1. If P81 satisfies all but one of (1) over 25 Å from Q248 (Cβ atoms); (2) touching a Cys at 6+ places or on another chain (Cβ under 7 Å); (3) modelled with pLDDT under 85, what's the number of the condition it fails?
2. Among (1) among the aliphatic types (A, V, I, L, M); (2) touching a Phe, Trp or Tyr at 6+ places or on another chain (Cβ under 7 Å); (3) modelled with pLDDT of 90 or more, which single condition is A241 missing?
3. Under 7 Å between Cβ atoms, at least 6 apart or on separate chains: pull out the pairs that start in segment 11-26 with a residue that is assigned to a helix (DSSP H, G or I) and surrounded by 10 or more Cβ atoms within 10 Å (Cβ to Cβ) and end on any residue that is at pLDDT 95 or above and hydroxyl-bearing (S, T, Y).
4. The conditions are (1) farther than 28 Å from L68 by Cβ; (2) at pLDDT below 90, and Y155 fails exactly one of them. Which is it?
5. In segment 18-49, how many are hydroxyl-bearing (S, T, Y) and under 13 Å from V95 (Cβ atoms)?
6. From the list V251, V192, V278, which residue is out of contact with any helix residue (DSSP H, G or I) (no Cβ under 6 Å at 6 or more places or on another chain) and either modelled with pLDDT of 85 or more or among the hydroxyl-bearing types (S, T, Y) (or both)?
7. Can you name the residue in segment 52-90 that is under 12 Å from I27 (Cβ atoms) and of a type in the set (V, I, T) and is also most open to solvent (accessible area, probe 1.4 Å) among such residues?
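The values are calculated or read from the model by the stated rules, or taken from the named source; none is laboratory data. Predicted model only: the values in this text are computed from it and were never measured. Every residue, glycine as well, gets a Cβ built from its backbone with ideal geometry; the counts of neighbours run over all protein chains shown. Surface areas here come from the heavy atoms of the whole protein model, side chains and all, with no ligands, DNA or RNA. Shrake-Rupley method; radii C 1.70, N 1.55, O 1.52, S 1.80 Å.
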Amino acid sequence: MATVREIPTEANFESTISSLPSSTLLIIYFHAPWAAPCKQMSTVLSTLASTYPSDAPLVFLSINAEELPEVSEQYDVAAVPYIVLQKDGQTLETVSGSDAAKVRAAVERHAGASTSDTSTPGLPPAQTVTKQAQQSPGLESSNGPTSGAKNLASYAPSASDPKTAPDYSSGAQTTKEELFERLRNLVKAAPVMLFMKGTPSAPQCGFSRQTVSILREKGIRYGFFNILADDEVRQGLKEFADWPTFPQLWVGGELVGGLDIVKEEFENDPEFLNDYSVSSQRNAGGPAAPAAQAQPV
């Protein structure tokens, strides 16, 4: 019978994908160990995989979304559990949430129904989950079949956050030149700019959360931009910066890098970004004042 294969590294993911025939159906499962719905979904997928023979033209892959950020970014994962069905390099369908019936229907739609006998245990029912206010230290946890990774309403800045730019996405079509001009202005909107998933009070990925924590600990004032609120900026900044993942920290309009680079800079130079720290009397850190934030275009 088929099983769910855990993918430990990005290199292992790439080698696994490249070694499979193009006709293989990939069921790629993104999860996080802290998210309760993922425990449910792990059981669902293990049971579902067991209903297919080991030589069936499909493969179940399990990926810790926070441990493999580049793979998560590649598939636009912003909530867990999140499942991608892919064949021949093309995404056929995605499923967000812990609805077992919805996942099984998606797999059978593209792989056909399994031929297992009736003695195979049935799939567990969908789990109803109420998200706690502080449940997630990183990625958002899907809250059922209606909580999709593309639902940006859940990422709106809270009242405790200063304004981020933009407060909304107009959806207007822009040329590449216009977008890059906008990005050139955004990366200089504050002396230190953090492009992150979510907001400082509600980060939506573990790496953004850790970066915010470091800046707060060091007492750095910074502006921020919630890339989940504007997909044009999210996609455009990858090319503009030649840096494929988030968060991204910019200083004086120049890219510093992501979480690992920020950590390394502080380890090599404890006075890194000292010029942008708050006074010792107010050494609390956090976003810059609203007037220093990037404003809607």
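1. Against the list (1) over 25 Å from Q248 (Cβ atoms); (2) touching a Cys at 6+ places or on another chain (Cβ under 7 Å); (3) modelled with pLDDT under 85, P81 comes up short only on (3).
2. (2)
3. That search, which allows pairs on different chains as well, returns nothing.
4. Going through (1) farther than 28 Å from L68 by Cβ; (2) at pLDDT below 90 one by one, Y155 breaks only (1).
5. Total satisfying the criteria: 1.
6. Criteria check complete, one pass: V251.
7. Among those residues, the one meeting the criterion is V59.
Per-residue answers, yes or no, for (1) touching a Lys or Arg at 6+ places or on another chain (Cβ under 7 Å); (2) surrounded by 20 or more Cβ atoms within 10 Å (Cβ to Cβ); (3) outside any helix (DSSP H, G or I); (4) at negative phi:
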{"site": "E217", "(1), (2), (3), (4)": "no, no, no, yes"}
{"site": "F224", "(1), (2), (3), (4)": "no, yes, yes, yes"}
{"site": "L228", "(1), (2), (3), (4)": "yes, yes, no, yes"}
{"site": "V233", "(1), (2), (3), (4)": "no, yes, no, yes"}
{"site": "E264", "(1), (2), (3), (4)": "no, no, no, yes"}
{"site": "P270", "(1), (2), (3), (4)": "no, no, yes, yes"}
